[in-house]
1. Considering only segment 161-173, I want to know if a residue exists there that is closer than 23 Å to Pro26 by Cβ and in contact (Cβ under 8 Å) with a residue 12 or more places away in the chain.
2. Among Leu93, Leu59, Leu79, which is the only one that is farther than 19 Å from Ile160 by Cβ, at pLDDT 95 or above and not hydroxyl-bearing (Ser, Thr, Tyr)?
3. Just for segment 187-208: of the residues that are open to solvent by 50 Å² or more (accessible area, probe 1.4 Å) and within 18 Å of Pro26 (Cα to Cα), which one is modelled with the lowest pLDDT?
4. Looking at Ala117, Ala104, Ala152, Ala126 in this structure, which one is part of a helix (DSSP H, G or I), out of contact with any Lys or Arg (no Cβ under 8 Å at 6 or more places or on another chain) and either modelled with pLDDT of 80 or more or exposed (fewer than 14 other Cβ atoms within 10 Å of the Cβ) (or both)?
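The values are calculated or read from the model by the stated rules, or taken from the named source; none is laboratory data. The shown structure was predicted, so the numbers you read here are calculated from the model rather than taken from an experiment. Positions of Cβ are backbone-derived with ideal geometry, glycine not excepted, and every protein chain shown enters the neighbour counts. Keep in mind that these areas ignore ligands, DNA and RNA; they rest on the heavy atoms of the full protein, side chains included. Shrake-Rupley method; radii C 1.70, N 1.55, O 1.52, S 1.80 Å.
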Amino acid sequence: MHMRAVAASQGSRWFADGWALFQLRPGMWIMLGLIDLLFTILLYELPYASDLTAVFTVLWTGGMMFAADHCRTTGSVRLADVLRGIRVNFEPLFAAAVFGLLVAIVCDLTGDRAASALRLMAFGGASANLQSALALAAGALYLTAALIGAMALWLAPALIVLNGATPGDALRASFTASWRNAPAALVYGLIAAGLLISCVLTLGVAALVVAPLVYLSTYAASLDMFPRERPRGWADGDPPR
């Protein structure tokens, strides 16, 4: 796969392109976003299943990339498109999802340890220095795992579905693209953070639009940074790119 460098301003352009795609079929995209949110909430509520959210997110992202590509070329989108994208690319998507699960487990373990150590530090005592060291080490590991995981997983499902990349190549390419296009990725992340704040301020109502928009902007970012290849699952009669 050939990756190209982009300007920092492209970070906002990806959201603009995603919004244009959203406007083609807003009702259907909102429905897909609602399905995503419901499954995410369900997994968080189930005992010992919260980390499986990472697996679902990678699989669902792959399906949404397939649906976004279908919408861009045909103007239509269905739940069946998402499911087809997952089914056709299930094995490589699942392999990437296992990496996401491992990252989630590391973040859970280190996050809990850092929080516990910080609580103990607040009370002082003879072991304060030791607790401080543990908190710093756990916090550093948490941030490292979260950052590497986010960079590697951001574009990996899109590269698997749209470019036919192997899981390992997709994770490496996504990390490299995030690193080499850090200014654009930072602009993108700041806008995404602002949209997440809007979800909180609207008590979750804005999430019905923000959730699919994040997927569609990720699709736009993948198109911008990587050349296109015919995705898995497209039949000979499907429209060319």
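1. yes
2. When all the criteria are applied, what remains is Leu79.
3. Selected residue: Val205.
4. Ala104
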